[in-house]
């Protein structure tokens, strides 16, 4: 597993983008749990954020693609609205310990 970031740099109900060995990733913390996905929309294969570290919809309850508004569940990456409905973001295994957040990329 590779180190992603210190735990305190990803607040609850927030998201951050990362570049890990040339692979763009996004991490979201919700209800204390961390989820990591490839930063790639299944519809067009483009990055999801509209500004750096901005991956969530206004309610911070869904991941939103800035290009065409597709909405994805934070917990499993499934697209629930938009042109890629039924498809999913690519989840990456991650864990959190006293040192921070780790991901298997």
Which of the residues spanning segment 25-42 are closer than 22 Å to residue 85 by Cα and touching a strand residue (DSSP E or B) at 6+ places or on another chain (Cβ under 8 Å)?
25, 26, 27, 28, 35, 36, 37, 38, 39, 40, 42
Somewhere in segment 45-55, is a residue closer than 25 Å to residue 5 by Cβ, modelled with pLDDT of 95 or more, within 14 Å of the chain's Cα centre (by Cα) and not in a loop (DSSP other than H, G, I, E, B)?
no
Is it the case, given these coordinates, that residue 28 is at pLDDT 95 or above, under 23 Å from residue 5 (Cα atoms) and not in a loop (DSSP other than H, G, I, E, B)?
yes
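The values are calculated or read from the model by the stated rules, or taken from the named source; none is laboratory data. Only a predicted model underlies this, so the values are computations on that prediction, with no experimental measurement involved. We place every Cβ from the backbone using ideal geometry, glycine too, and count neighbours over all the protein chains shown.
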